[in-house]
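The values are calculated or read from the model by the stated rules, or taken from the named source; none is laboratory data. Remember, it's a predicted structure, so these values are computed and weren't measured experimentally. Heads up, the Cβs are rebuilt from the backbone with ideal geometry, glycines too, and the neighbour counts pull from every protein chain shown. Just the protein is used for accessible areas: all its heavy atoms, side chains included, with ligands, DNA and RNA removed. Shrake-Rupley method; radii C 1.70, N 1.55, O 1.52, S 1.80 Å.
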Amino acid sequence: ETGVTQTPRHLVMGMTNKKSLKCEQHLGHNAMYWYKQSAKKPLELMFVYNFKEQTENNSVPSRFSPECPNSSHLFLHLHTLQPEDSALYLCASSQETQGRTEAFFGQGTRLTVV
Amino acid sequence: QKEVEQNSGPLSVPEGAIASLNCTYSDRGSQSFFWYRQYSGKSPELIMFIYSNGDKEDGRFTAQLNKASQYVSLLIRDSQPSDSATYLCAVGVYNQGGKLIFGQGTELSVKP
């Protein structure tokens, strides 16, 4: 079992659909993140949660809505997405210790918006 | 100015050679530095991290950090075709919730 598990691995959705991405970490970490990776662009940080509290929202459109019910689970709720939102969505976790933040990634969800 | 900058490549080296990957960053408050390897269609895998100036070696990999020059590098000795991947440099800043800023990645191709 990998340390950070994401489901689903692939998702195709229409622009009017509502779907959710799920992330679970089994590493006992206290911080979780959502990143977006689009073709030919650097990984973009979307949201940061420390001890279940959102500490970063990197100017992400409101059609992306994160939820962190506990320190092991993280969701990304999607609604009325646009085709340009098609990308690889990566979840990561880390143990925040004096700023030393080795982050470990899940396998990602490949999202296609049609 | 990009916060974390890498040569996009592709960088091509023959098998057995040393591959040198470079990264510069703009924020002098940066305190932690990471190298991730990403195979096509896969997620990033952490391969090295370094926090102090100097060199850090782990097997065939050596990370080098120079905070005065805001420069971090990754050397891969005895490169193998299996090292062919995109290498991502990431920089973390203390007290910012673990935010990592990534470079755009350098594609490495090791030719047999």
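Percent of accessible area on the protein assembly as shown owned by carbon and sulfur, 1.4 Å probe? Intermediate results must be reported in sequence, preceding the final value.
Details: 5000 of 10710 Å².
Answer for the protein assembly as shown: carbon and sulfur cover 47 percent of the accessible area.
Step through the residues of the stretch B:6-18 one at a time and calculate ³J(HN,Hα) from phi using the Karplus curve (6.51 cos²θ - 1.76 cosθ + 1.60, θ = phi - 60°), rounding each to whole Hz and writing x for Gly and Pro.
These are the phi-based 3J(HN,Hα) values: 10, 5, 6, x, x, 9, 10, 10, x, 4, x, 7, 8 Hz.
Return the aspartates and glutamates within reach of B:K99: Cα separation strictly under 16 angstrom, same-chain partners fewer than 8 residues apart disregarded; answer none if there are no such residues.
A:E44, A:E53, A:E56, A:E96, A:E102, B:E3, B:D27
Which whole number gives the average count of other chain Cβ atoms within 10 Å of the Cβ atoms across peptide B:40-47?
5
Tell me which residues come under 5 Å, amide H to amide H, from A:R63 once H is placed; ignore anything under 5 positions away on its chain.
Correct list: empty.
From the C-alpha coordinates alone, can you work out the Kirkwood hydrodynamic radius of chain A, in Å?
Details: mean 1/r = 0.0710 Å⁻¹.
Roughly 14.1 Å, rounded to one decimal.
Through the Karplus equation 6.51 cos²θ - 1.76 cosθ + 1.60, θ set to phi - 60°, convert the phi angles of the stretch A:5-20 into ³J(HN,Hα) values in whole Hz; use x for Gly and Pro.
Computed from phi, the couplings for the stretch A:5-20 are 10, 10, 9, x, 7, 9, 8, 10, 9, x, 5, 9, 6, 10, 9, 9 Hz.
If a cysteine in the protein assembly as shown has no other Cys Cβ under 4.7 Å from its own Cβ, put it on the list, ordered by number.
A:C68
To the nearest µm²/s, what D does Stokes-Einstein give for the protein assembly as shown at 37 °C and 0.692 mPa s, using the Kirkwood radius over alpha carbon pairs as Rh?
Working: Rh = 18.0 Å.
So the translational diffusion coefficient is about 182 µm²/s.
Hey, can you grab everything whose amide H is under 5 Å from the amide H of B:L11? Only 5+ residues off in sequence or another chain; H modelled, so Pro and N-termini drop out.
B:E107, B:L108, B:S109
For peptide B:75-86, what's the mean number of Cβ atoms from other chains within 10 Å of each residue's Cβ? Before the final figure, lay out the partial values.
Working: counts 0, 0, 0, 0, 0, 0, 0, 0, 0, 0, 0, 0.
Taking all residues of B:75-86 together, the mean is 0.
What is the Cα radius of gyration of the stretch B:14-107 over 2.2 N^0.38 Å, N being its residue count?
1.06
Work out the charge dipole of chain B with +1 on the Cβ of Lys and Arg and -1 on the Cβ of Asp and Glu about the Cα centre, then indicate which of B:I101, B:N7, B:L65 is farthest towards its positive end.
Value: B:I101.
Only residues of the stretch B:35-66 count here: report those whose backbone N is under 19 Å from the spot 7 Å along Cα→Cβ of A:K41, or say none.
Taking a point 7 Å out along Cα→Cβ of A:K41, the residues of the stretch B:35-66 whose backbone N falls under 19 Å are B:41-44.
Around B:E45, which amide H atoms from residues at least 5 apart in sequence, or from another chain, sit under 5 Å from its own amide H, with H modelled in the peptide plane?
B:R37, B:Q38
Per residue and in cubic angstrom, what volume does the convex hull of the Cα atoms of the stretch A:26-77 have? Could you put the intermediate results ahead of the total?
On the way: hull volume 4.8 nm³, N = 52.
Hull volume over Cα atoms, normalised by residue count, gives 91 Å³.
Quick one: of A:K19/B:K42; A:K18/A:K41; B:K56/B:K111, which pairs are farther than 24 Å apart, Cα to Cα? List each step's numbers first, then the result.
Details: A:K19/B:K42 22 Å; A:K18/A:K41 26 Å; B:K56/B:K111 26 Å.
Table pairs above 24 Å Cα-Cα are A:K18/A:K41; B:K56/B:K111.
Specify the residue with the greatest mean-square fluctuation among B:L74, B:L88, B:L100, computed from a Gaussian network of chain B linking alpha-carbon atoms under 10 Å apart.
In the Gaussian network model the winner is B:L100.
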